[in-house]
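Notes follow once the structure below has been shown.
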Amino acid sequence: MASPRLECIDIGSDYCPCYLAELNECIVCSQLQGKKFCDCNWKGVCVFQEFVWAKRKAKAKRDTMVSNIIDKQKINENLFILTLSVPNKMARDLNEPGSYVFLRNEFSPSFFDTPMSIMYADEINGFVKVAIQINGPKTSLIDLSEKRICIRGPYWNGLFGHKYIKGLKNSKCLVVLRGIAQAPGVIVINKLYRNNNKITVIIDKGKTGQFFISQYLDQLNLNIITTDILSAEGQEILKNAIADNDLKLIYSGGSDEQHLNIFNYMDLYNNEAYLAASNNNTICCGEGICGSCEVQIDGQKVRSCKVQLDVEKAIERRILYG
Ligand code: FES
């Protein structure tokens with residue numbers, strides 16, 4: 001059986017072709033997989049041609065740079081928000097659903113790099129905001145950063161279902177956010193809002209104990225419901241919201257269990273809406289090199305830091321393999 005064609009999140013960007021092309025492992029281009037023929041379905045600039053023009057090298061690399069910490073807002077003992085100065089172009093690139101960067105303490109070695117979702121990006125003034133929950137040595141060391149921090153990016157595959165979020169206009173949608181996954185939800189909501197969608201947002205504070213994105217949603221005309229999704233009442237709210245057959249899109253930002261919970265309700269009450277969801281796989285390099293984010297879909301190994309997975313298949317895979 002032929003392998004299904006995969007969508008690479010970096011294709012056509014400043015970072016395509018990448019290291020994988022140099023290694024004959026390009027996700028999209030058959031010629032850069034060592035084959036002798038062209039067999040891609042990409043409609044943009046030819047990746048192979050770009051590779052040849054770039055003298056058979058990766059076009060641009062995401063270098064680590066040092067960013068100034070403009071502000072640090074402590075939300076509670078385990079949660080804080082950093083405002084980081086970045087070049088305007090980088091802020092613009094990061095103002096996209098699913099965007100993230102790698103952060104580490106200025107004095108830590110590179111293996112302390114930690115992927116962090118972008119909560120807010122200001123491309124005019126050149127800064128981004130990230131919300132960080134302390135839950136291990138990497139995030140503890142980031143918390144100790146005072147003036148500067150190492151940052152690498154931009155990366156974009158922090159969620160699956162980009163095309164649904166970007167393409168939805170003048171429709172009704174539901175956004176469900178729990179815990180620290182509230183942070184990347186801000187850019188998702190802003191994108192949907194700019195496209196004139198009517199949005200219901202269900203917020204569960206989760207382990208963070210805070211509705212910490214409220215200040216970023218204040219100016220928007222949204223229907224916001226705060227609840228504990230895991231409670232009987234929360235489940236009822238979730239079920240009723242999903243059962244609205246006018247919904248065109250549901251975005252789930254939270255754990256895989258939450259994705260599955262929503263997926264099951266969709267199965268029962270709403271077959272029409274599209275599902276987009278946060279990418280919860282373990283991301284280590286973000287470049288499709290290390291394999292830590294690899295999942296098996298339809299017998300094919302897929303690096304989920306680069307590839308836009310079909311959300312339903314990703315959830316089914318979790319059911320089968322845990
Ligand atoms: S995070 Fe390294 S291959 Fe995906």
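The values are calculated or read from the model by the stated rules, or taken from the named source; none is laboratory data. Since the structure is predicted, the reported quantities are computational estimates derived from the model, not experimental observations. With ideal geometry, Cβ positions are generated from the backbone for all residues, glycine too; neighbour counts draw on all protein chains shown.
Below is a table of values for the structure above.
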read-out	value
Some residue of segment 190-202 being surrounded by 15 or more Cβ atoms within 10 Å (Cβ to Cβ), touching a Ser or Thr at 6+ places or on another chain (Cβ under 6 Å) and outside the structural domain of Y100 (by TED's automatic domain parsing)	yes
Residue in segment 292-299 that is out of contact with any Lys or Arg (no Cβ under 6 Å at 6 or more places or on another chain), over 27 Å from I242 (Cβ atoms), at pLDDT 85 or above and away from the ligand (no atom under 12 Å from the Cβ) present	yes
Segments classed as helices (runs of 4 or more DSSP H), wholly inside segment 136-252, with at least 2 members that are under 26 Å from E316 (Cβ atoms), in contact (Cβ under 8 Å) with a residue 40 or more places away in the chain and touching a helix residue (DSSP H, G or I) at 6+ places or on another chain (Cβ under 9 Å)	162-167, 182-194, 232-242
The one condition in (1) within 16 Å of the ligand (Cβ to nearest atom); (2) over 22 Å from the mean Cα position of the chain (by Cα) that L238 fails to fulfil	(1)
Residue match in segment 68-86 (condition: free of Cβ contacts under 8 Å to residues at least 60 places away in the same chain and within 27 Å of H162 (Cα to Cα))	yes
Residue satisfying condition, being at pLDDT 95 or above and away from the ligand (no atom under 11 Å from the Cβ), within set A314, A277	A277
Selection within segment 256-278 - closer than 20 Å to K207 by Cβ and touching a helix residue (DSSP H, G or I) at 6+ places or on another chain (Cβ under 8 Å)	D256, H259, L260, N261, I262, A277, S278
Filter result for E287 (crowded, with 18+ Cβ neighbours inside 10 Å, among the acidic types (D, E) and either part of a loop (DSSP other than H, G, I, E, B) or without any contact (Cβ under 8 Å) to a residue 60 or more places away in the chain (or both))	yes
I9 being out of contact with any strand residue (DSSP E or B) (no Cβ under 6 Å at 6 or more places or on another chain), closer than 15 Å to R303 by Cα, modelled with pLDDT of 95 or more and hydrophobic (A, V, I, L, M, F, W, C)	yes
